[in-house]
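The values are calculated or read from the model by the stated rules, or taken from the named source; none is laboratory data. Being a predicted model, the structure only gives us computed values, none of them experimental. Don't worry about glycine lacking a Cβ; one is built from the backbone with ideal geometry, like all the others, and counts go over all protein chains shown.
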Amino acid sequence: MNKIMKLNFKKLTLVLAFTLLASCTSPEGAEVAPSTTTTTVASSTTTTVADTTTTTVADTTTTTVSPSTTTPVSADTVNIKTNNVDCTIPPFFERGYKKNYYELSTTFGYNIPKENAEMCILYSESIPNDLRVYQSDIMNKLIKYVGGYDRWTHIMYEPDDQALEAIDALDKFDFFYDNNGQRIEPSLQFVHENRSCLSGFGRKQERYLNEYSICIQPNPLTDPYWEFDRKNVGDIPFRMMVLHGLVHEYYHHVQRAHTFERDDAMPNDCCGLTDPLNTPAWYVEGQAIVFPNLFIRDNFDDLQIVKDNGFQGICDGDPSYDWDTLTGKFIAMAGCHFTQKYFYYRQEVIGESEWGECRGFTNKEEYRDTALCAGGWEMINFYIAYLTSFETLFIRFHEDIYELAFEETLKKHTGMYSDELYVSFNNFILDNPTPPEGFFPDKPLNELVNFWSIDSSN
């Protein structure tokens with residue numbers, strides 16, 4: 001693979017697209033917030049889901065349950081399901097209902113994985129059906145694997161569409177407010193002007209108890225931003241990249257569920273941070289690269305996009321890829337070529353690569369704008385799991401980080417602070433031309449990690 005291809009692959013690893021389709025109901029075993037539930041179903045709507053079955057639902061119905069007098073919230077839960085919308089809109093919580101988001105989240109179980117999480121999935125009308133099917137398929141598998149987490153909102157749209165159903169749902173979600181907290185006219189243009197992923201939004205601009213993860217995504221198959229990548233990668237591998245991005249961004253949502261109101265960031269990452277946990281970029285992003293790579297490897301042959309294109313088996317046995325082939329590009333976008341990535345990173349560190357400036361892991365990797373060793377972000381997270389366990393990386397860290405912040409969590413589980421870890425990791429890379437046995441797991445990650453056991457409320 002030439003230098004341009006390698007640099008572009010690094011970009012594709014760190015800058016990822018996203019979307020999902022999931023069920024939207026109240027969490028099981030948690031205090032239920034809504035006082036009234038309204039269910040709206042489109043007349044004779046047909047929805048195609050991951051297993052390619054077709055479900056026809058009945059004409060529009062509305063069900064009203066008598067309101068509770070014990071829940072001091074300002075609205076009712078609204079459920080909307082149409083051909084382009086699958087959305088649960090929970091009540092708006094008035095400030096003062098709970099002391100902080102930690103108290104609210106642990107009351108209603110927002111930090112607990114569940115099969116039927118409260119989510120809001122939106123499409124504009126011209127998003128192609130196959131993209132919806134592939135993303136629904138992978139998201140359904142993802143929820144079974146790591147669990148569904150409430151408060152995820154996603155819209156995928158064509159900027160030239162009307163997107164009337166999606167806009168109506170976002171309006172009910174109190175999305176159309178300016179920075180002064182004043183309601184504005186709902187429009188897809190406003191949505192497009194605020195496009196981002198996982199930046200979060202506060203309903204009515206109130207984030208204290210009403211912040212949600214949101215991904216605002218123009219159609220990646222037509223978005224000019226991705227034009228170079230679509231041509232460079234090719235249509236089918238590019239779609240695999242979009243699905244990889246789905247898992248990457250959703251795992252950021254999982255991370256946030258366990259940091260509550262504290263920002264999963266370094267103190268100087270951005271403006272207006274809330275009690276940041278001093279979490280370095282290499283951990284936040286690297287963990288969210290390890291996870292999708294293993295998840296996709298573990299589910300690869302069952303993915304609809306894989307079956308539709310005859311790629312079963314190509315991620316078996318830690319393969320290498322050849323960028324000049326369609327299969328090779330698909331492997332690269334799936335991220336299942338673990339040893340090859342280790343080799344590329346080590347070659348860069350020892351100065352035997354034609355590209356990259358990394359000569360060892362340092363505190364420059366703690367911020368995205370100073371990083372030189374982004375190829376090592378995945379590997380240092382694997383190294384933490386190698387020193388401890390994958391259960392530690394994916395469960396214990398999340399359970400401790402809210403209370404201890406990152407440095408003390410790292411110290412508790414590895415015996416090292418960050419600077420010490422960097423020295424240890426650099427020595428490990430230099431001493432091991434190939435990854436030792438056990439560095440990459442040979443079992444499915446969800447057999448090594450009980451994702452459903454996590455308890456970040458203690």
Matching option when the condition is crowded, with 16+ Cβ neighbours inside 10 Å and either on the phi > 0 side of the Ramachandran plot or in contact with a His (Cβ under 6 Å, 6 or more places away or on another chain) (or both), among Asp150, Asp174, Asp161:
Asp174
Test for Leu221: is it outside any helix (DSSP H, G or I) and either aliphatic (A, V, I, L, M) or in contact with a Pro (Cβ under 6 Å, 6 or more places away or on another chain) (or both):
yes
Residue that is farthest from Asn427 (Cα to Cα), among those in segment 346-399 that are part of a helix (DSSP H, G or I) and among the acidic types (Asp, Glu):
Glu399
In segment 334-345, what residues are assigned to a helix (DSSP H, G or I), within 22 Å of Pro436 (Cα to Cα) and either under 23 Å from the mean Cα position of the chain (by Cα) or outside the structural domain of Lys443 (by TED's automatic domain parsing) (or both)?
Phe338, Lys341
Quick one: Ser126 ticks every box in (1) out of contact with any helix residue (DSSP H, G or I) (no Cβ under 8 Å at 6 or more places or on another chain); (2) of a type in the set (Ser, Thr, Tyr); (3) surrounded by 18 or more Cβ atoms within 10 Å (Cβ to Cβ); (4) part of a loop (DSSP other than H, G, I, E, B) bar one, so which box is it?
(3)
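With over 30 Å from Asp400 (Cα atoms) and either in contact with a Pro (Cβ under 7 Å, 6 or more places away or on another chain) or not aromatic (Phe, Trp, Tyr) (or both) as the only criterion, which of Gln255, Gln312 stands out?
Only one candidate qualifies: Gln312.
Of all residues in segment 197-236, count the ones that are of a type in the set (S, T, N, Q) and free of Cβ contacts under 8 Å to residues at least 40 places away in the same chain.
Within segment 197-236, residues that are of a type in the set (S, T, N, Q) and free of Cβ contacts under 8 Å to residues at least 40 places away in the same chain number 2.
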Suppose we filter Asp318, Asp301 for residues that are surrounded by fewer than 19 Cβ atoms within 10 Å (Cβ to Cβ), modelled with pLDDT of 95 or more, charged (D, E, K, R) and in contact with a helix residue (DSSP H, G or I) (Cβ under 7 Å, 6 or more places away or on another chain); which single one remains?
Asp318
Within segment 323-372, the count of residues that are more than 30 Å from Ile236 (Cβ to Cβ), in contact (Cβ under 8 Å) with a residue 60 or more places away in the chain and either surrounded by 23 or more Cβ atoms within 10 Å (Cβ to Cβ) or β-branched (Val, Ile, Thr) (or both) comes to 5
Give Tyr422, Tyr417 a once-over and let me know the one that is in contact with a Leu (Cβ under 8 Å, 6 or more places away or on another chain) and not β-branched (Val, Ile, Thr).
Tyr417
Residue pairs qualifying under the 7 Å Cβ cut-off, at least six apart or on distinct chains, with the first in segment 256-280 being touching a residue at least 40 places away in the same chain (Cβ under 8 Å) and of a type in the set (Gly, Ala, Ser) and the second being crowded, with 18+ Cβ neighbours inside 10 Å and part of a loop (DSSP other than H, G, I, E, B), are Ala257/Tyr110; Ala257/Asn111; Ala257/Tyr149
Is at least one residue of segment 164-182 among the aromatic types (Phe, Trp, Tyr), assigned to a loop (DSSP other than H, G, I, E, B) and more than 22 Å from the chain's Cα centre (by Cα)?
yes
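Answer yes if at least one residue in segment 137-149 is basic (Lys, Arg), closer than 25 Å to Trp226 by Cα, in contact with a Phe, Trp or Tyr (Cβ under 9 Å, 6 or more places away or on another chain) and not in a strand (DSSP E or B), and no otherwise.
Among the residues of segment 137-149, not one is basic (Lys, Arg), closer than 25 Å to Trp226 by Cα, in contact with a Phe, Trp or Tyr (Cβ under 9 Å, 6 or more places away or on another chain) and not in a strand (DSSP E or B), which makes the answer no.
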Subset of segment 91-143, residues among the aromatic types (Phe, Trp, Tyr) and closer than 30 Å to Asn309 by Cβ, comes to Tyr123, Tyr134
Tell me, which residue of segment 180-203 that is closer than 18 Å to Cys215 by Cβ and of a type in the set (D, E, K, R) is surrounded by the fewest Cβ atoms within 10 Å (Cβ to Cβ)?
Glu193
